[in-house]
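For reference, the structure discussed in these notes is given below.
The values are calculated or read from the model by the stated rules, or taken from the named source; none is laboratory data. Worth saying up front: this structure is predicted, and the values here are computed from it rather than measured. Please note: Cβ atoms are built from the backbone with ideal geometry, for glycine as well, and neighbour counts cover all protein chains shown.
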Amino acid sequence: MKKLYIVLTLILGIHALPAKQQADYRDYEQTDRACVQELYRLNHLNQTVDFVLQKKQEYGSLTKAQLGIWKVLELLNKFVDNSDPDLDLPQLVHALQTAESIRKDGYPRWLILTGLIHDCGKILSYFNEPQWAVVGDTFPVGCKFSDKRIGRTVMHYNSSSDSAI
Ligand SMILES: [Fe+2]
């Protein structure tokens with residue numbers, strides 16, 4: 001059960017650090033970091049079906065760069081995720097903390113590696129993608145939005161909410 005919890009928390013982006021209670025984490029509505037609300041406002045305004053299809057076309061050829069995983073992690077050491085109400089440390093620190101937390105709890109090596117690389121997609125910020133396009137909780141476009149998702153109070157900004165692909 002504990003393994004399942006760790007896997008789910010990684011997938012859902014809720015990281016289980018032992019020093020805090022789960023209730024202390026990720027209150028997107030009541031955060032002291034003003035950038036969190038602004039990021040989700042911009043995300044929901046601009047993350048449309050057209051935008052997603054444009055980025056699929058742009059990145060689908062995989063010709064932007066060729067980087068090893070350590071180079072990606074080094075570059076992420078200069079990156080602070082503005083969508084996270086709990087964390088204002090560089091992503092390298094977050095990656096190492098996540099991997100170490102998993103290692104310390106005795107989980108298998110593949111899960112430690114998963115913890116280390118789980119946020120490497122944020123490297124897209126180095127290709128001049130704005131943070132609203134690469135960080136934070138994502139959502140499907142081209143369909144009705146869930147009323148349970150993060151940032152639901154600003155979903156009305158998105159023009160794709162009622163469209164279908
Ligand atoms: Fe993360």
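Taking the residues in region 110-131 that are under 16 Å from Val80 (Cβ atoms), surrounded by fewer than 17 Cβ atoms within 10 Å (Cβ to Cβ) and not hydrophobic (A, V, I, L, M, F, W, C) as candidates, determine which candidate is nearest to the ligand (Cβ to nearest atom).
Only one residue fits best here, namely Gly121.
Conditions: (1) more than 16 Å from the ligand (Cβ to nearest atom); (2) at pLDDT 65 or above. Leu4 meets all but one. Number of the miss?
(2)
If we keep just the residues of region 56-95 that are assigned to a helix (DSSP H, G or I) and buried (at least 16 other Cβ atoms within 10 Å of the Cβ), which is farthest from the ligand (Cβ to nearest atom)?
Once the filter is applied, the top-ranked residue is Leu75.
Looking for something on the phi > 0 side of the Ramachandran plot and either among the hydrophobic types (A, V, I, L, M, F, W, C) or modelled with pLDDT under 95 (or both) - is there at least one such residue anywhere in region 47-62?
Here is the first cut: in region 47-62, the ones on the phi > 0 side of the Ramachandran plot are 62.
Remaining after also requiring either among the hydrophobic types (A, V, I, L, M, F, W, C) or modelled with pLDDT under 95 (or both): 62.
For region 47-62, residues on the phi > 0 side of the Ramachandran plot and either among the hydrophobic types (A, V, I, L, M, F, W, C) or modelled with pLDDT under 95 (or both): present.
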